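Undergrad: Just dropping this structure here.
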Amino acid sequence: MEKKILKAGLLGLGTVGTGVYKLFEAQKEEMIHKIGAELELKKILVRPQSMERAKGIVREGIELTSDWRSIVEDEEIDIIIEVMGGTEFAKECILAALNAGKSVVTSNKDLVAIDGKELLDTAAANNCDFLFEAAVAGGIPIIRPLKQCLAGNHLTEVMGIINGTTNFILTKMTLEDMDYQEALALATELGYAEADPTADVEGIDAARKVAILASIAFNSRVVLGDVYTEGITRLTKADIEYAKEMGWTIKLIGMARNTETGIEVRVHPMLIPSTHPLASVNDSFNAVFVHGDAVDDAMFYGRGAGELPTASAIMGDVMDIARDIRFNCKARINCTCYKQLPIKTIDECNNSYYIRLMADNQPGVLSNIAKVFGDHNVSIAQFIQRNAEEYQAEMVLITENVLEKDFNAAMEQLKALSIVKDVSAVIRVYGKNS
Ligand code: NAP
Ligand code: HSE
């Protein structure tokens, strides 16, 4: 039977949950035209200590409850929206909802990046949908484009700026000459960085998102533990300035490549050409750049977080599910990981490298350094030297593409040279797939 009135339950009324509530209200009149049915928010899960705050947000007629089972087991409710965050309780609620035959929408990247397979398999077993557009890059449509619009491609590369906090910090360091601590303090003051910014600045938030992106783009499961992860805490203004002078911009990049020898998946600071479309993605904006054999290059840009941008992605999923329920075609698109591709370690990946070092300023130094690189098949593409202190020079080199294992062997030998006083920075540089 086609249902004409559909009902949803919302688990969590924080930043994103409040946005979802607002969009239900804002779209009330339009639902019937967009999905061919009425769609109502029936119940919201709120902790007892937050009930008073919730009553100030939510209009009468929507039930506020602290009993999660009364939502996921409510026979009238067709769709559950999980926006509490965290892994254990959120997972318990989602599994219970799916097992009760309800489709689920979540923005919970922490959970999807670890337990995505189990959740998708449970959805399939119950003929339900499990959608998570908001879990990657907030308001930017990217999961659905990868799964549906770009299904006619073999995708070979997905790279993105998928953390707004770190992009804000790097933008301030690049364009406004702030140092890392100043930029982080401003990000905190403006509400971009959380009180504990570790997950953002150490790259963990971006790693969760790139694991999800890689799984979908390459049809092969990638989990958080597979992602090589480095954050931005060691970046300095000096490196940002040298990179700029040499034609590059430093960004925190989530990168996934599907190569002939396996999947590369990593998050780390990276020099990208200042002419690359991602180089001009500034402030807290996110963007995802995709390469496919048919579409060529495509880029998706927008707000990666925030109350309404994130709720926008959630409502898109909710309305999609509502349409599927309305037309009796649930679970059309479920897990798309039908391959089991190997995942490469960072040692097995190819990169160019930016190196800043202090060395003696005397004849023969450069040729000694070049010889170490040459002995390990590392070719130098760009070079700058500045005289620093007396008898010492600061050198900045950018290499050609080389296997990380060979590069590391060269660096070990270089650091052991008596003429090399300090290696101040090593940062990976974007190069075409090889
Ligand atoms: P938030 O502001 O901290 O909201 C979470 C809400 O869930 C809080 O109101 C919290 O209640 C409630 N909650 C937690 N445990 C609960 C429980 N056991 N029972 C009832 N309510 C519970 O977080 P958020 O920023 O909205 O993020 C929610 C999810 O969206 C997370 O998975 C996050 O990673 C994801 N996400 C967020 C954004 C963003 O821009 N914020 C973007 C993309 C994805 P209390 O108020 O009582 O603590
Ligand atoms: N903390 C994230 C960011 C937003 O800074 O992009 C939530 O995904």
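Undergrad: Quick one: count up the residues across segment 341-377 that are closer than 30 Å to LEU155 by Cβ and either among the β-branched types (Val, Ile, Thr) or part of a strand (DSSP E or B) (or both).
TA: Qualifying residue count for the region: 8.
Undergrad: Next question, about the same structure. Of the conditions (1) assigned to a helix (DSSP H, G or I); (2) over 26 Å from the mean Cα position of the chain (by Cα), GLU390 clears all except one; give me its number.
TA: Tallying (1) assigned to a helix (DSSP H, G or I); (2) over 26 Å from the mean Cα position of the chain (by Cα), GLU390 fails exactly one: (1).
Undergrad: Filter segment 133-143 down to the residues that are buried (at least 24 other Cβ atoms within 10 Å of the Cβ) and touching a strand residue (DSSP E or B) at 6+ places or on another chain (Cβ under 6 Å) and list them by number.
TA: Within segment 133-143, ALA137, GLY138, ILE140, ILE142 meet the criteria.
Yes/no matrix, rows are residues, columns are (1) more than 15 Å from the chain's Cα centre (by Cα); (2) away from ligand 2 (no atom under 16 Å from the Cβ); (3) on the phi < 0 side of the Ramachandran plot:
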site	(1), (2), (3)
THR122	yes, yes, yes
GLY152	yes, yes, yes
THR156	yes, yes, yes
ILE161	no, no, yes
THR171	yes, no, yes
GLN181	yes, yes, yes
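Undergrad: Further question: Are any residues in segment 66-87 within 16 Å of ligand 2 (Cβ to nearest atom) and either within 17 Å of ALA123 (Cβ to Cβ) or touching a strand residue (DSSP E or B) at 6+ places or on another chain (Cβ under 8 Å) (or both), and if so, which ones?
TA: Residues satisfying the conditions are GLU82, VAL83, MET84.
Undergrad: Please tell me if ALA322 is open to solvent by less than 20 Å² (accessible area, probe 1.4 Å) and hydrophobic (A, V, I, L, M, F, W, C).
TA: yes
Undergrad: Anything in segment 169-191 that is open to solvent by 10 Å² or more (accessible area, probe 1.4 Å) and either of a type in the set (Ser, Thr, Tyr) or closer than 22 Å to ARG208 by Cα (or both)? List them, or say none.
TA: Across segment 169-191, the qualifying residues are THR174, TYR180, LEU184, THR188, GLY191.
Undergrad: Just to check your reading of the model, which residue among ALA123, ALA113, ALA97 is part of a helix (DSSP H, G or I), closer than 23 Å to ARG47 by Cβ and open to solvent by less than 50 Å² (accessible area, probe 1.4 Å)?
TA: It is ALA97.
Undergrad: Which condition from (1) among the hydroxyl-bearing types (Ser, Thr, Tyr); (2) buried (at least 24 other Cβ atoms within 10 Å of the Cβ); (3) touching a strand residue (DSSP E or B) at 6+ places or on another chain (Cβ under 8 Å) is the one that THR165 breaks?
TA: (3)
Undergrad: Here's a follow-up. Could you check how many residues of segment 33-73 are acidic (Asp, Glu) and within 16 Å of ligand 1 (Cβ to nearest atom)?
TA: So the answer is 4.
Undergrad: How many residues are of a type outside the set (Asp, Glu), more than 16 Å from LEU39 (Cα to Cα) and within 16 Å of ligand 2 (Cβ to nearest atom) if we restrict to segment 296-347?
TA: Final tally of qualifying residues: 11.
Undergrad: Quick one: in segment 263-300, of everything that is within 16 Å of ligand 1 (Cβ to nearest atom) and open to solvent by 10 Å² or more (accessible area, probe 1.4 Å), which residue is nearest to ARG221 (Cα to Cα)?
TA: For segment 263-300, the residue satisfying everything is PHE300.
Undergrad: Looking at ARG332, is it basic (Lys, Arg), out of contact with any Phe, Trp or Tyr (no Cβ under 6 Å at 6 or more places or on another chain), over 29 Å from GLY225 (Cβ atoms) and open to solvent by less than 30 Å² (accessible area, probe 1.4 Å)?
TA: When the stated conditions are applied, ARG332 does not pass them.
Undergrad: Being open to solvent by 20 Å² or more (accessible area, probe 1.4 Å) and assigned to a loop (DSSP other than H, G, I, E, B) is the filter; apply it to segment 1-35 and report the residue that is modelled with the highest pLDDT.
TA: Filtering segment 1-35 for residues that are open to solvent by 20 Å² or more (accessible area, probe 1.4 Å) and assigned to a loop (DSSP other than H, G, I, E, B), the one modelled with the highest pLDDT comes out as GLY14.
Undergrad: Where in segment 152-227 are there helices (runs of 4 or more DSSP H), lying wholly inside it, with at least 3 residues that are more than 13 Å from ligand 1 (Cβ to nearest atom)?
TA: Where helices (runs of 4 or more DSSP H) fall fully within segment 152-227 and carry at least 3 residues being more than 13 Å from ligand 1 (Cβ to nearest atom), they are 164-175, 180-189, 204-218.
Undergrad: Let me ask something additional. Conditions first: (1) within 35 Å of the chain's Cα centre (by Cα); (2) farther than 28 Å from GLY254 by Cα; (3) modelled with pLDDT under 95. SER434 passes all but one, so which condition is the exception?
TA: Going through the list (1) within 35 Å of the chain's Cα centre (by Cα); (2) farther than 28 Å from GLY254 by Cα; (3) modelled with pLDDT under 95, SER434 breaks only (2).
Undergrad: Follow-up question, since we're still on this one. Are any residues in segment 41-61 under 19 Å from VAL105 (Cβ atoms) and touching a Phe, Trp or Tyr at 6+ places or on another chain (Cβ under 8 Å), and if so, which ones?
TA: Once the filter is applied, which keeps residues that are under 19 Å from VAL105 (Cβ atoms) and touching a Phe, Trp or Tyr at 6+ places or on another chain (Cβ under 8 Å), segment 41-61 yields LEU41, ILE44, LEU45, VAL58.
The values are calculated or read from the model by the stated rules, or taken from the named source; none is laboratory data. The shown structure was predicted, so the numbers you read here are calculated from the model rather than taken from an experiment. Using ideal geometry, Cβ is built from the backbone for each residue, glycine included, and neighbour counts are taken over all protein chains shown. Side chains are part of the model used for accessible areas, which takes the heavy atoms of the whole protein and leaves out ligands, DNA and RNA. Shrake-Rupley method; radii C 1.70, N 1.55, O 1.52, S 1.80 Å.
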